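Student: Attaching a single structure in structure tokens format; questions to follow.
The values are calculated or read from the model by the stated rules, or taken from the named source; none is laboratory data. Treat the numbers as computed from the prediction; the structure is a model and nothing was measured. Cβ sites come from the backbone with ideal geometry, for glycine too, and all protein chains shown count toward neighbours.
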Amino acid sequence: MEKEHINHCLVCKTKNCYHRKLDPKTSNCLEIDYAEEIRLEPSETELIYRANAAIQGAFERRTKGDFTLNWLKTFLKDFFGSQATVGVASCLGSVETARTVIEAIESEGMKAALVTCKLGGLTVKNVDKDGVPYEHPGCNPVAQAKILNELNVPVVVLVGLCIGHDMIFIKHCKSYVIPFITKMPLTFGTL
Ligand code: SF4
């Protein structure tokens, strides 16, 4: 039977998914339709647990450096292990921020593999606000993803990829992806 998807959660009065003790759940809840398909794998349950636990780890380290970096390195080491090589996909304009992220990763004994966005030197044709055509070096999130796929890294941290480019990267990347810093063009990608 074809499933009709409307905004059940917007109109739901019970929020029984949260208040489990109030079973039975609402009749319009998608959880009922997808009951056989929404189970987490044990590794996914573990990942969520480690991601949450890393918040506590970062809180405990709060006097020693940036909170989000502390979360990142705590989580990466706890879930992927100290022997992991972590992929870093960065904007070329965010290389110094990527350096900071890589140093944090390496401070925990892990390795990092960086691939920046202008890889391949693509030329992009554009037109300025006065209608004058010009060319500029373009980004290649497909190449970034495929090279990191070749390196077989278990996880990739995105550092300053432009919003929208990150969508292409995530579509082509075979690893877990952490969109750590997203860049809205003109506001840049910094910590
Ligand atoms: S109980 Fe179901 S319909 Fe209501 S908020 Fe939760 S998931 Fe959405």
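Student: State all residues of the stretch 125-142 that are surrounded by fewer than 19 Cβ atoms within 10 Å (Cβ to Cβ) and closer than 18 Å to GLY87 by Cβ; if no residue qualifies, say none.
Tutor: Across the stretch 125-142, the qualifying residue is only VAL142.
Student: Can you tell me which residue is modelled with the lowest pLDDT among those in the stretch 15-27 that are in a loop (DSSP other than H, G, I, E, B) and more than 6 Å from the ligand (Cβ to nearest atom)?
Tutor: PRO24
Student: I'm told LEU47 meets every condition in (1) away from the ligand (no atom under 13 Å from the Cβ); (2) of a type in the set (A, V, I, L, M, F, W, C); (3) surrounded by fewer than 16 Cβ atoms within 10 Å (Cβ to Cβ); (4) modelled with pLDDT of 80 or more except one. Can you identify the failing condition by its number?
Tutor: All conditions pass for LEU47, except number (3).
Student: Would you mind finding the one in VAL153, VAL115 that is assigned to a loop (DSSP other than H, G, I, E, B), closer than 23 Å to GLY81 by Cβ and under 20 Å from the mean Cα position of the chain (by Cα)?
Tutor: Exactly one residue qualifies, and that residue is VAL153.
Student: All but one of (1) surrounded by 15 or more Cβ atoms within 10 Å (Cβ to Cβ); (2) under 17 Å from the mean Cα position of the chain (by Cα); (3) modelled with pLDDT of 95 or more hold for SER94; which doesn't?
Tutor: Of the numbered conditions (1) surrounded by 15 or more Cβ atoms within 10 Å (Cβ to Cβ); (2) under 17 Å from the mean Cα position of the chain (by Cα); (3) modelled with pLDDT of 95 or more, the odd one out for SER94 is (3).
Student: Would you pick out the residues in the stretch 104-121 that are over 26 Å from GLY65 (Cβ atoms), surrounded by fewer than 16 Cβ atoms within 10 Å (Cβ to Cβ) and out of contact with any Pro (no Cβ under 7 Å at 6 or more places or on another chain)?
Tutor: Selection gives GLY120 alone.
Student: Would you say ALA145 is in a helix (DSSP H, G or I), closer than 26 Å to GLU46 by Cα and either modelled with pLDDT of 95 or more or of a type in the set (Val, Ile, Thr) (or both)?
Tutor: Yes.
Student: Another question about this same structure. Would you point out which residue out of ASN52, ASN70 is crowded, with 17+ Cβ neighbours inside 10 Å, polar (S, T, N, Q) and away from the ligand (no atom under 16 Å from the Cβ)?
Tutor: Checking each option against the conditions leaves just ASN70.
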